[in-house]
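Following: one structure in structure tokens, then a few remarks.
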């Protein structure tokens, strides 16, 4: 990007504009259409070719098209004299970006989740693809299996830079409002945790260990408020087992039923009522706080597998038959007609949708060389 290694976030290139994103999307669509047309023409010339021959024809045509693809006009950044990367490597990568329709090297810093933006995903693929051979030449040991992790950290870096850049634009009043909201959410979770722990110990006074663990605010689901005048949405706790989820939902039901006065009922509803529930995004799953030292069977088995055996052993304690306790509590709290162990909103058990997944794959194109000047905008051209 033409920056020194210690450059500050505000020195980074401006974010990809709406016009650049739209133009790039159009360029990609036209390139796809151009490739499809050439492939059809090539295969139509060989109507009797078998599957293996067609595969060979398609590969040959695609290789030819990639080598003849004219790059867009690329606006290169100045070269930083103290850069660890040579000018030769910089120009090679800029040529690669131009071959993929990028008018300059930047990211969409404003995206809430960097990896959800195709511009960012393709730019990261190109950057890593050019970085790996340079790293190996400088005696950095890069194994193929490490590349997905490198890309993940790259996306985290993009997101972090975007957050920092956004904060720089905030006024003191904005920052104060953010801090106030964070304090409110933490205070609310602490009150919910205390209510659940007190309720649990009231019905199971002999189970003091689990009652103590339930006081941890990290054990409370995250929530989001779209409107201060409406109930928030629960972001389900992906780490909980079905049994643990049943315990939590049962405690909410008991706490509401045991609230005697109208004022107390309103207070409990204000803490616990949710208009609906949704699964966390991938980014939210990574950032969601997870309590430690709960019984092993209080955690979802898939969550523990994701953590690895060492970490799973570290954060868990001996199982406490959470599944059966959860079923017992659902039966005693809701009655025999409502014994689901799934997550729920405020009105009753309902199963949330599974966490969404997002994958973006990018087939590498041949590295371009020479002049990066070419058509600007969304036009796709190929040399003859």
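The values are calculated or read from the model by the stated rules, or taken from the named source; none is laboratory data. Keep in mind that what you see is a predicted model, and the values were worked out from it rather than measured. Note: ideal-geometry Cβ built from the backbone for every residue, glycine included; neighbour counts use all protein chains shown.
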Restricting attention to segment 141-190, report how many residues are in contact with a helix residue (DSSP H, G or I) (Cβ under 6 Å, 6 or more places away or on another chain) and within 30 Å of residue 210 (Cα to Cα). 2
Among (1) more than 20 Å from residue 96 (Cβ to Cβ); (2) surrounded by 11 or more Cβ atoms within 10 Å (Cβ to Cβ), the one test that residue 37 misses: (2)
Filtered residue count, segment 113-149, keeping only those that are within 22 Å of residue 281 (Cα to Cα) and loosely packed, with under 15 Cβ neighbours inside 10 Å: 2
Output for Cβ contacts, cut-off 6 Å, separation at least six or different chains, first residue touching a residue at least 60 places away in the same chain (Cβ under 8 Å) in segment 22-42, second surrounded by fewer than 17 Cβ atoms within 10 Å (Cβ to Cβ) and in a helix (DSSP H, G or I), reads none
Can you name the number of the only condition in (1) touching a residue at least 24 places away in the same chain (Cβ under 8 Å); (2) over 17 Å from residue 204 (Cα atoms) that residue 307 fails? (1)
Look at segment 219-233 and say how many of its residues are outside any loop (DSSP other than H, G, I, E, B) and farther than 23 Å from residue 307 by Cβ. 3
Quick check on segment 2-14. Is at least one of its residues outside the structural domain of residue 132 (by TED's automatic domain parsing), at positive phi and either touching a residue at least 12 places away in the same chain (Cβ under 8 Å) or under 29 Å from the mean Cα position of the chain (by Cα) (or both)? yes
Quick check on segment 164-183. Is at least one of its residues surrounded by 14 or more Cβ atoms within 10 Å (Cβ to Cβ), at pLDDT below 95 and out of contact with any strand residue (DSSP E or B) (no Cβ under 9 Å at 6 or more places or on another chain)? yes
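Could you tell me which of the residues 319, 250, 267 is in the same structural domain as residue 223 (by TED's automatic domain parsing) and assigned to a loop (DSSP other than H, G, I, E, B)?
Working: 250 fails: assigned to a loop (DSSP other than H, G, I, E, B); 267 fails: assigned to a loop (DSSP other than H, G, I, E, B).
Result of the check over 319, 250, 267: 319.
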